[in-house]
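The values are calculated or read from the model by the stated rules, or taken from the named source; none is laboratory data. None of these values were measured; they are calculated from a predicted model. Cβ placement follows ideal geometry from the backbone for every residue including glycine, while neighbour counts extend to all protein chains displayed.
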Amino acid sequence: MKKTIAFLFFMLAAIVLGAFLAYLGAGTRYFDWLAWGKTFGINNFGVDFYVINFGLTLNIRFTVSQLITIPLGLIVYSKTGSSL
């Protein structure tokens with residue numbers, strides 16, 4: 001159970017850190033490539049039942065910085081997860 005929680009923590013930390021680095025690098029001259037990425041998902045899936053109308057949008061964006069930090073998170077987990 002501890003290893004599962006540690007794995008989820010390191011993966012979420014790597015994803016958030018990668019998104020943060022992409023956000024910081026988006027406006028700079030030399031680190032703009034960290035923010036390059038692709039977005040895919042479902043846009044505006046709507047259901048109308050006449051009384052209620054709702055829509056669903058699910059988009060996932062991957063950036064270069066996340067593709068760098070996720071393997072780093074796996075490496076850190078492999079080094080620290082063995083001691084749990």
Inset, instruction - Of the numbered conditions (1) modelled with pLDDT of 90 or more; (2) touching an Asp or Glu at 6+ places or on another chain (Cβ under 9 Å), residue 54 fails exactly one; give the number of that condition. - result: (1)
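Considering only the range 19-41, state which residues are assigned to a strand (DSSP E or B) and surrounded by 10 or more Cβ atoms within 10 Å (Cβ to Cβ).
Within the range 19-41, 37, 39, 40, 41 meet the criteria.
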Legend entry - Residue check for residue 80: out of contact with any helix residue (DSSP H, G or I) (no Cβ under 6 Å at 6 or more places or on another chain), touching a residue at least 40 places away in the same chain (Cβ under 8 Å) and surrounded by fewer than 15 Cβ atoms within 10 Å (Cβ to Cβ): yes
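Residue-by-condition table, conditions (1) assigned to a loop (DSSP other than H, G, I, E, B); (2) of a type in the set (Gly, Ala, Ser):
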residue: 5; (1), (2): no, no
residue: 17; (1), (2): no, no
residue: 43; (1), (2): no, no
residue: 50; (1), (2): yes, no
residue: 58; (1), (2): no, no
residue: 65; (1), (2): no, yes
residue: 74; (1), (2): no, no
residue: 83; (1), (2): yes, yes
